[in-house]
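Data first, discussion second: the structure below is written as structure tokens.
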Amino acid sequence: MSIKTFRDKKFYLNKLFFNYEFNINIEFNRLQMDEFWFFLEKYLQKKSAKTATCHQDDNPDKYNRLIEELQDKIPKEWKNIDQLRERLRQNEFENVNVSRKELTEFRNILITFVDFNLKRKQKKLEKLFEFQKNLPIYEYKQTILTKIESNSVVLIAGDTGCGKSTQVPQYLLRNGYQRICCTQPRRIACIALCNRLKFETADNQSGNSEIGYQIRFEKNKTKFTKIIFMTEGLLLRQMIEDPLLSNYDVIILDEIHERHLTSDFLLGAIKCLLHKRKNDLKVILMSATLNCELFSNYFGQCFVIKVPGRLFPIKTEYFPPDKVNIFKAATNKINPDPYLKILQHIDSQYPSSERGDVLVFLSGFAEIEFIGEKLKEYSSQNKRWIILYLHSALSLSEQDKVFDVCPDGYRKCILSTNLAETSITIDGIRFVIDSGKHKQMYYEPSIRMHRLQEIWVSKASAEQRKGRAGRTGPGICFRLYSQNDFENFENFSKPEIQRISLESLILNMISMGLNDVRKFPFIEPPNTLVIENTIKYLINYGTLDENENITYLGRILSKLPVDIPIGKMLILSVCINLSEYTLSMAACLSVQSMTTIRSRNDREILDERKSMLSIDGDMFSSMNFYKQWLTMKASNHHHSMDIRSWCRRLGFEEQRFHEITKLRRQFEDILKDNGLIDSRSNRESTESLSKIERIEKHKEKKLFKKLKIEVEKCRNNKKRRLLRADVDGIDGDERNIDDDDDDNHYKDYKELEFNLLFDSHYIKDTEQKHSLKREEFNLIKSIILLSFYPQMAIADQDNSYQCGSDQIFHTKEKPFVVLHPSSIYYSEPESLQPSSRIESSEMGNLSNDHCLLGYISFIETNKSYICNCYRLSSIHSLMLSSQEIDTNLDCSRIIFDNWLEIRFKHSKDGQDLLIEAIKIRIELEKLLTLICKDLNKDDNVGGNLDDGDDNGDDENNLFQLKQNFIEKIKMFWKFRIKYAQKRLLSADLKQIYSNVSQNIQDLRKDSMDNKLVKFLLDQQTTNQSSSNKGGFHYLFINFNCLKQTGIDCPIIDNRRWFDCAHCKQKYHLTPIEQVRHEESCSTTTTKKKSKTESKDDNDTTSDSKHQYYCQHCDKKLSFQSNIDILRHRKQHSEK
């Protein structure tokens, strides 16, 4: 029987045999079906070849024996051939003629295929079992199980390659443990280990898989899952909701030697948990390079199992500084000569026919690029090397190249940071070149600055790097330092908890119910002073009260997986009714940069992105990028290739946009759960979809399931690509059609997954809420300012404002910082100059357009950079955010936070502006208090804010308070007054205060022409301590504490003439009165205009209405149409 016989009926045979859930150990997905048809063709070709050469065919009883062997596993629908034929006739295939012989042969070949796959799978499992037996940890299997059974905590110190991460969870599962949680420091490790365990345990059933993972934005687990891999941070989040972690019987903490902030806290939390679950919780600690004594002592002398690694011999060669100069003295740049000489040495000593790639450890991307360019020059000459980069900021496709293979005669040279030290394993590495350096982040809380320092690695890290050369064969490690240097290295790296910000950590600890964080049992506690300063900061932020109890604001912030300032920005956005826009901005600020690192220096890409840049600030530019992506996504929902092409062309990493959208949804859900925004807003519902859209959605779900199976199949059978050396000897890649198909399967799968999470309605709705009016920009800037204060800087007076030159700025705590090159103001510094005319005076340069530069982050590398900047009006931002405001008698001179001095041309301008700022800040405090009061009531009672008269009144008050606050702050930003600004030095502060306190009686004696004095008296204030500055203290103001100076003689009358464009009248008003008049006048004009239009519309409408006299109603009625009249008459007839 020929293959054509079956091919002609392929569609019907597929429907007949593969349209059931089979109880056999093979899944008939699309790939499996294609594989079967390929098998069928080969089988029939072989059979026909035997017949042609007169060979006796196989014994026909073989098929019968196979059927007997697989009898219990064959679906009953396959067993009776006559029933199969009958079912074929009963369905829509009655015209298809398939003989009994054809069906029998097709079934038998299918059974042969099943048997073949089972045997092939069995061989794989046998080979895998042999591999597992050869792992070093296999010898310790029984010891591990015995010690876990008799101890609550066991420490496994397993060297690299021993198999601890993949085998220990399997040992536990086979020994009867059911609920196993295994933490990893990175998301990629969770996914990779989950897939590996699925492969090793033949756990391929997606519906009831026993092995799963859960990471941020992604979950792959079912009710049948017994082993779950997750990140450390996610387990901590679960601990907030369930302090006893009652869902788990075994917790495995892997890679604990990395000493991340979350891992150190998790260790302490687990230690506390063990006191409550002594008998029913098992904890396993695992790591490669570990200070065993420290961890064993921490857990009460817990049992330690040391497992040797499976490394091949590694030769170590030292190239100390006296042998080669690591740095060039003239430029202070890293010297590429040592790296070049080692590549030349490898070329001369080891023939290219011998496999073996090079892994170079460098401290950062700048070093990678500098060394890489020099090595590429050498590569283009000798045609033996392909130079690749590995850095977290590179695109994912570029990172993946390091796993591909070289063509014959070539070696890979991979330049990497410490990312390749533990996070990933690259096969084929034979040579390691270790610079001995890496970069670590340190936090300085006093100036809220992160410092990225290049330092020597620890001995443990150096050994980890060395171990990368001996994974697949004997290797060599070239160390660019002396053995004496190595001996002086620290044994282990400094833990994160002793060098980064602890604000979010301590807030989370208190939210979990820890009474005194100072007594928390950290394995290596941070400095006590750092903890005290962090608690003070949290109190100032309003997240803790004076007794260090968490406030409702703090409770919400602890639930948001972001830094505290970004979380506060989200909550403040509720006060100005711009939460939708702020949700996206907070998400943009919480992910890695959406631009690829290479695109940041590509002039063509930068020019093409220029139209989307915003002069208002870098985060607004990011929002424009995201909005443009949303627009394309909404209009090209089923044309993902166009969007991918757009991202590549403009240097965007599309995965970042997906992350932003998922994170935005997460923030949105948290705010909804806490009652801060309407739970009905932006809700995705199938009810809003049309019938066609619902059908399309259903199709997408079916396709998604198929693609998921195919992607998992491709992952298991993934072939490494062949790299291509281009004409210059630089890196490239040669991709087969199959490889492209695999890539497209994965991209389509991720795209479809995203589309199922966020349908077109949600995308369109989100995109429409990303347009701001001009006045709303100031509202957004206000909440950013209040959330991130005091993160602002003043420009140096000698700045040239010319593109290409460094623009110097001064923060309150650190002078002489510069703009980061990625900022829009770096390429367009002229936008930071006052746009209005500057008036010179003895007070300084007067303008109504002085600006400060707000910034989101502050980092020091080779320079001190302020990043993610936005432009602010100086006087407005200082009035709204300063914690301490010092004035002279007439408020013509004001000092903000002992840092900036403002002098007004008209003294009453300062008084007016200060009064408005006080009102706005008091209003904001009331607003936040009312929000927290309502939410606390909702929490305590468990009711809804809409229930009850009191709640209704509170809601009305909240609405009215919001509207008043929004109107006041909008008007406040419109005030334009002339003033001069100056940065104060330490010497300036010594002689400026009077140090004479005033009371309420003294205040009454002062000039009653002072508006601020009248305001303070109206508030019925009492004097408070003013830190020996003198004057009268109220809230954040020290009134009249500054000494009078010779130039404190401004113009008293600040009224001026102006012509109103709305009412065409001329007025003599102050700046504030002018803004109020313009607002009132424009509103009145608009109302009159709309009233006239409405009247015209009504006249038109009334003419078009149908008049009808109803006898039942005994009056004349108006209807839109005759049909409405009939409906009205029908109502009376039914009665």
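Coordinate-derived values only; no laboratory data. Fair warning: this is a prediction, and the values are worked out from it, not measured in the lab. Because the Cβ atoms are built from the backbone with ideal geometry, glycine has one as well, and the counts that use them run over all protein chains shown.
Key figures
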read-out: Using θ = phi - 60° and Karplus 6.51 cos²θ - 1.76 cosθ + 1.60, couplings along segment 599-614 (whole Hz; Gly, Pro as x); value: 5, 6, 10, 8, 4, 4, 5, 4, 5, 5, 7, 4, 5, 9, 6, 10
read-out: Order of TRP899, TRP37 under a 10 Å beta carbon neighbour criterion, fewest first; value: TRP37, TRP899
read-out: Equivalent ellipsoid semi-axes, segment 362-408, via Cα gyration tensor eigenvalues times 5, rooted, Å; value: 19, 16, 6
read-out: Kirkwood Rh (inverse of mean 1/r, distinct Cα pairs), segment 235-312, angstrom; value: 13.6 Å
read-out: Fully extended contour minus Cα-Cα distance, from GLU218 to ARG179, at 0.36 nm per residue; value: 12.1 nm
read-out: Distance between segment 852-925 and segment 262-286 - C-alpha centres, whole angstrom; value: 48 Å
read-out: Relative contact order (percent, whole number), segment 314-498, Cα cutoff 8 Å, 6+ residue spacing; value: 28 percent
read-out: Order by protection proxy (mean Cβ within 10 Å, highest first), peptides 263-269, 102-108, 664-670; value: 263-269, 664-670, 102-108
read-out: Hydrodynamic radius (Kirkwood) for segment 193-324, which is based on Cα pairs only, to one decimal in Å; value: 17.5 Å
read-out: Likely footprinting exposure, PHE129, PHE6, fewest C-beta neighbours within 10 Å first; value: PHE129, PHE6
read-out: Residues whose placed amide H lies under 5 Å from that of ILE808, excluding near-sequence neighbours; value: ASP796
read-out: Peptide ranges 509-516, 371-378, 865-872 listed from the most packed, as the mean C-beta count within 10 angstrom indicates; value: 865-872, 371-378, 509-516
read-out: Residue-span extension gain [GLU1073 to LEU606] - 0.36 nm each, minus C-alpha spacing; value: 163.7 nm
read-out: Calculated log₁₀ intensity ratio I(q)/I(0) where the Debye formula runs over C-alpha points of segment 749-886, q = 0.16, 0.17, 0.20 Å⁻¹; value: -0.92, -1.00, -1.23
read-out: Set LYS982/LYS1043; LYS9/LYS123; LYS536/LYS926; LYS610/LYS812; LYS9/LYS47 screened for pairs whose C-alpha atoms are more than 25 Å apart; value: LYS9/LYS123; LYS610/LYS812
read-out: Long-range HN-HN contacts of LEU1117 with modeled amide H, under 5 Å; value: TYR1108, TYR1109, CYS1110
read-out: Inter-site label distance for GLU487 and HIS275 at 7 Å from Cα along Cβ, in nm; value: 4.5 nm
read-out: Residues GLU546, GLU532, sorted so that the one with the fewest Cβ neighbours within 10 Å comes first; value: GLU546, GLU532
read-out: C-alpha center-to-center spacing [segment 445-483, segment 639-668] in angstrom; value: 34 Å
read-out: Net charge of neighbours whose Cβ lies under 13 Å from the Cβ of GLU241, counting Lys and Arg as +1 and Asp and Glu as -1; value: +1
read-out: Inter-probe distance in nm under a simple model that places probes 7 Å from Cα toward Cβ, at ARG598 and TRP646; value: 2.2 nm
read-out: Mean-position separation - Cα centroids, segment 570-605 and segment 389-406, in angstrom; value: 26 Å
read-out: Compactness index (Cα Rg / 2.2 N^0.38 Å), segment 364-460; value: 1.26
read-out: Residues with amide H under 5 Å from that of LEU544, placed H, sequence gap 5 or more; value: ILE539, THR551
read-out: Extension reserve of the HIS1112-PHE1015 stretch, reckoned as 0.36 nm per residue once the Cα distance is removed; value: 28.5 nm
read-out: For segment 865-878, Karplus couplings with θ = phi - 60° (6.51, -1.76, 1.60), whole Hz, Gly/Pro x; value: 10, 9, 10, 6, 9, 8, 7, 10, 6, 4, 5, 5, 5, 5
read-out: Kirkwood-Stokes translational diffusion coefficient of segment 314-498, alpha-carbon pairs, 25 °C, 0.890 mPa s, µm²/s; value: 143 µm²/s
